[in-house]
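Colleague: Below you'll find the structure I mean.
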Amino acid sequence: MNPSTKNSQHPTGQVRIIGGQWRSRRLPVLMADGLRPSSDRVRETVFNWLNHLWGGVWGNKAILDAFAGSGALGLEAASRGAQSVHLVEKSPTIASQLKTNIQTLQASQCHVHAQDALVALPQLTAKSFDLIFCDPPFHQRLLPKILPLVTNLLKNDGLLYIESEKNVALPESSWLLLREGKTAQVRFHVYQKVG
């Protein structure tokens, strides 16, 4: 992302939607400490995996982006036709920017929950999801706390995407590793819920 100095209090950058109906669309993102949008390269790889696993069918999929931040993952899923996308974002300012971007895209299937994921996820138990994106802020040890919550929200054959710093322990039991990749800074994985 390229920071801008238009607003010195909340400098902005951009994320680009890489596929689907909003392909190549650039959206403003507020720059904030800990906000680290998934790179275009990582997103392209992950969405190629998901397209392969689902045969390119997104229209019946319910998606949860548990740490939405820029919204890059959730909005990419919406662009590809996901039926519903729930984006959870703790920062009120960033959540407000997400809502603005959703209005700009006229993405009525997207819903923003302006709450901490540890609070919001237990409130979503009436829903079940085909895919949960779990890309928490690094160095806060949130994965061990969030994994039990996402397990309860996934459909039986649901998919879990995890993006983490390289030295984080990842789930072992109840999960089947389907795909994995890494860059210089991050590891990223797609798991399927089993049992």
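Since every read-out is calculated from the coordinates, none of them should be taken as a lab result. Computed from a prediction, not measured in an experiment: that's the story for all the values here. Please note: Cβ atoms are built from the backbone with ideal geometry, for glycine as well, and neighbour counts cover all protein chains shown.
Colleague: Starting from the Cα of Gln83, step 7 Å along the direction of its Cβ; do the same at Gln140; then give the gap between the two resulting points in nm.
Modeller: Output for this residue pair reads 3.1 nm.
Colleague: Further question: Specify which residue in the list Tyr191, Ser108, Leu147 is farthest towards the positive end of the charge dipole of the chain, using unit charges on the beta carbon of Lys, Arg (+1) and Asp, Glu (-1), about the Cα centre.
Modeller: Ser108
Colleague: For a footprinting-style exposure proxy, rank Asp65, Asp135 by other Cβ within 10 Å, fewest first.
Modeller: Working: Asp65 32, Asp135 23.
Going from least to most buried by this count: Asp135, Asp65.
Colleague: Additional query: When a footprinting reagent is the concern and you count Cβ atoms within 10 Å, what order do Phe133, Phe138 take, fewest first?
Modeller: Values: Phe133 27, Phe138 16.
Fewest-to-most ranking of Phe133, Phe138: Phe138, Phe133.
Colleague: For Gln123 and Lys182, calculate 0.36 nm times their separation in residues minus their Cα-Cα distance, and state this gained length in nm to one decimal.
Modeller: Values: separation 59, 0.36 × 59 = 21.24 nm, distance 3.23 nm.
Difference between extended and current length: 18.0 nm.
Colleague: Can you tell me the mean projection area, over all orientations, of the convex hull of segment 35-193's alpha carbons? Units nm², please. Can you show the working numbers first?
Modeller: Details: hull surface 33.7 nm².
Convex hull of Cα atoms, orientation-averaged projection: 8.4 nm².
Colleague: How many lysine pairs in the chain, separated by 8 or more positions in sequence or lying on different chains, have Cα atoms less than 15 Å apart? Please report the intermediate quantities before stating the final value.
Modeller: Values: Lys61/Lys127; Lys61/Lys155; Lys90/Lys99; Lys127/Lys155; Lys155/Lys193; Lys166/Lys182.
Lysine pairs, 8 or more places apart or on different chains, close enough: 6.
Colleague: Something else: What nm distance separates the two modelled labels at Ser39 and Gln21, each placed 7 Å from Cα along Cα→Cβ?
Modeller: For the pair Ser39/Gln21, the computed spacing is 3.1 nm.
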